[in-house]
Amino acid sequence: MACFAWAAGAQNEALVTHYQIAPILINPAYAGFKGTHQLFFNARTQWIAFPDAPKTVGVQYNGPIGNTFGLGVGVMTESAARLNNLRVRLNYAFRFNLDETVKLSVGFSTEYKQMRLGNNILTQAIYDFDDIINGAVDGRQLFDASFGVFGTFNDRTFVGLSFANLISARLDDIVTSTEESTFLNHYVIFAGHRFDFNNNAVSLEPSLMIRQIRDAPFQADINLKLGFLNDRVVGGISYRSLKSLGFLFGSEVSNSFRLFYTFDMTLQDIQQFSSGAHELTVGIGLNTPDKRARLRNR
């Protein structure tokens with residue numbers, strides 16, 4: 001029962017790999033950054049061969065409000081064994097141009113989380129009375145917040161930095177009264193550069209993501225994304241410090257419809273018992289800028 005108590009007390013963060021396609025998944029400052037209204041449907045399942053394997057399903061919207069503000073909203077559900085999480089997040093961003101080459105956005109998000117254990121846990125023979133477990137069965141509600149900045153240079157180089165678990169980290173400071181517990185311990189860094197060749201017909205985009213989130217292992221990803229035919233066809237590969245490889249395949253079917261799939265393969269011994277992890281994202285552009293702007297803003 002110790003594992004259930006730990007899970008009920010933890011504030012888990014969903015592990016998704018399509019932040020390369022939708023940075024709004026990891027940084028609230030990206031809301032409305034492209035100047036278009038975007039809708040993303042994301043689903044991920046891992047450890048396929050295991051019963052009650054982790055699954056994540058979510059929908060994310062973000063778009064501009066006027067010339068300077070951005071708004072985003074996301075709903076995500078996560079399930080693993082008997083644990084179910086519901087997360088609702090609102091993103092707010094302020095966008096501005098420092099000059100003709102530098103674009104910057106500052107964002108903030110507020111989040112509601114509901115964590116619940118299935119009622120059938122109470123009927124298990126190994127169940128022993130525990131306040132944490134009983135509270136999780138009834139449904140534990142939490143609120144949190146995050147802050148982020150996102151910027152581009154010449155519409156090619158991008159850098160994002162976000163700080164997560166601001167409320168949770170502050171509560172830890174109050175409870176523990178230690179200098180080591182600080183919101184600066186929970187961050188996500190995402191940076192990269194896009195190279196275009198043959199009049200944008202071919203693109204190469206290396207990037208790096210570093211993630212240190214509450215109650216999750218440290219993660220560093222090295223990504224390489226390739227685009228062909230003005231990004232009508234996309235492929236990529238990622239190496240993660242969690243000892244796994246990710247393979248990205250995608251297509252921009254039209255100017256307003258995009259489809260992406262990733263297969264993750266762990267490099268640890270558990271791979272022989274599992275068929276890896278699968279993630280699917282469908283992106284819909286609710287309004288699309290002209291072709292010239294679309295190529296510039298990729």
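Brief remarks on what is shown
Results for (1) over 25 Å from Asp269 (Cα atoms); (2) in contact with a strand residue (DSSP E or B) (Cβ under 9 Å, 6 or more places away or on another chain); (3) without any contact (Cβ under 8 Å) to a residue 24 or more places away in the chain; (4) of a type outside the set (Val, Ile, Thr), shown as yes or no for each residue.
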| position | (1), (2), (3), (4) |
| --- | --- |
| Ser203 | yes, yes, no, yes |
| Ser207 | yes, yes, no, yes |
| Ala220 | no, yes, yes, yes |
| Val234 | yes, yes, no, no |
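- Sole residue being buried (at least 17 other Cβ atoms within 10 Å of the Cβ), touching an Asp or Glu at 6+ places or on another chain (Cβ under 8 Å), small (Gly, Ala, Ser) and modelled with pLDDT of 90 or more, chosen from Ala145, Ala93: Ala145
- Matching residues in segment 52-78 - criterion: being over 21 Å from Ile26 (Cβ atoms) and either buried (at least 18 other Cβ atoms within 10 Å of the Cβ) or polar (S, T, N, Q) (or both): Asn67, Thr68
- Filtering segment 228-251 to residues that are in contact with a Lys or Arg (Cβ under 8 Å, 6 or more places away or on another chain) and not in a loop (DSSP other than H, G, I, E, B) leaves Val234, Gly235, Gly236, Gly246, Leu248, Gly250, Ser251.
- Residue within segment 226-249 that is modelled with pLDDT of 85 or more, of a type in the set (Asp, Glu) and farther than 17 Å from Ala201 by Cα present: no
- Search result, residues across segment 252-298 that are assigned to a loop (DSSP other than H, G, I, E, B) and either farther than 19 Å from Tyr19 by Cβ or modelled with pLDDT of 95 or more (or both): Asn255, Ser256, Leu267, Gln268, Ser274, Ser275, Leu286, Asn287, Thr288, Pro289, Asp290
- Sole residue being among the small types (Gly, Ala, Ser), surrounded by 18 or more Cβ atoms within 10 Å (Cβ to Cβ) and either under 30 Å from Val159 (Cβ atoms) or modelled with pLDDT under 95 (or both), chosen from Ala49, Ala43, Ala2, Ala7: Ala7
- Qualifying positions in segment 206-221 - closer than 17 Å to Leu245 by Cα and in a strand (DSSP E or B): Pro206, Ser207, Leu208, Met209, Ile210, Arg211, Gln219, Ala220, Asp221
The values are calculated or read from the model by the stated rules, or taken from the named source; none is laboratory data. Bear in mind that the values here come from a model prediction, so they are computed numbers and not experimental data. Using ideal geometry, Cβ is built from the backbone for each residue, glycine included, and neighbour counts are taken over all protein chains shown.
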